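Novice: First, the structure itself, so that you have it in front of you.
The values are calculated or read from the model by the stated rules, or taken from the named source; none is laboratory data. Small disclaimer: the values here were computed from a predicted structure and weren't measured. Cβ sites come from the backbone with ideal geometry, for glycine too, and all protein chains shown count toward neighbours.
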Amino acid sequence: MTQDTALVSQFFQIHPDNPQARLIRQAVDIVRGGGVVVYPTDSAYALGCHIGDKRALERIRRIRKLDARHNFTLVCRDLSEIATYARVDNTAYRLLRHCTPGPYTFILRATSEVPRRLLHPKRKTVGLRVPDNRVAAALLQDLGAPLMSVTLIMPGDELPLIDPYDIRQTLEHDVDLVIDGGYCGMEATTVVDVADGVPLILRAGKGDLAPFEQ
């Protein structure tokens with residue numbers, strides 16, 4: 001599915017506590033078909049696409065006006081999926097088990113399963129997270145793969161868009177689907193680098209920082 005000026009995004013209202021299975025399946029079909037979707041997380045709305053879809057990734061870059069150095073996050077359904085895409089030692093595993101699902105992004109050494117375009121060019125690391133949001137969890141479970149994601153912050157803005165109707169109006173010709181999953185906040189995730197074994201907070205955001213402080 002390519003970007004088209006005639007494109008008008010679909011708009012699904014999905015219940016934040018009891019996501020409708022039919023709408024989740026339709027949303028996953030859009031992702032699998034090369035679509036770009038707006039979906040809720042436990043920190044803010046995000047733009048996402050299938051992990052293997054380079055064209056959809058480039059569409060997200062254009063929407064956000066991101067350069068090639070901007071790091072995307074792999075949003076995963078659970079800790080075992082994280083272990084497919086990152087090298088997780090015992091110390092990191094205990095930390096992730098304690099903090100997932102939750103509003104944290106973890107920087108870890110990537111495995112060969114991660115597309116090269118998503119890696120930090122020098123360190124070969126990747127950001128991963130497991131959101132504590134039922135709509136996102138249902139999407140990821142049905143998709144059976146991570147979503148390549150970035151927070152939905154428009155160029156020139158400092159804060160993410162939070163109103164699904166504003167999102168629809170702003171992006172109706174740029175994305176394939178906007179999911180209204182209710183209010184999910186605007187505070188960024190806390191980013192923690194655990195690639196070298198010792199937790200290092202790179203960005204203090206939503207969530208308790210105590211597990212990462214020495």
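Novice: Just one of ASP163, ASP157 is over 22 Å from HIS70 (Cα atoms) and modelled with pLDDT of 90 or more; which is it?
Specialist: Being over 22 Å from HIS70 (Cα atoms) and modelled with pLDDT of 90 or more holds for just one of ASP163, ASP157, which is ASP163.
Novice: Which of the residues spanning region 118-167 are in contact (Cβ under 8 Å) with a residue 12 or more places away in the chain and charged (D, E, K, R)?
Specialist: ARG123, LYS124, ARG129, ASP132, ARG134, ASP142
Novice: Further question on the same structure: Find the residue count for region 1-41, including only residues that are of a type outside the set (A, V, I, L, M) and modelled with pLDDT under 95.
Specialist: Residues meeting the conditions: 5.
Novice: Of these, ARG61, ARG87, ARG77, which one is free of Cβ contacts under 8 Å to residues at least 40 places away in the same chain and out of contact with any Asp or Glu (no Cβ under 9 Å at 6 or more places or on another chain)?
Specialist: Exactly one residue qualifies, and that residue is ARG87.
Novice: So, one more: Among the hydrophobic types (A, V, I, L, M, F, W, C) and more than 23 Å from THR100 (Cβ to Cβ): which single residue out of VAL28, VAL36 fits that description?
Specialist: Result: VAL36 is the single residue among VAL28, VAL36 that is among the hydrophobic types (A, V, I, L, M, F, W, C) and more than 23 Å from THR100 (Cβ to Cβ).
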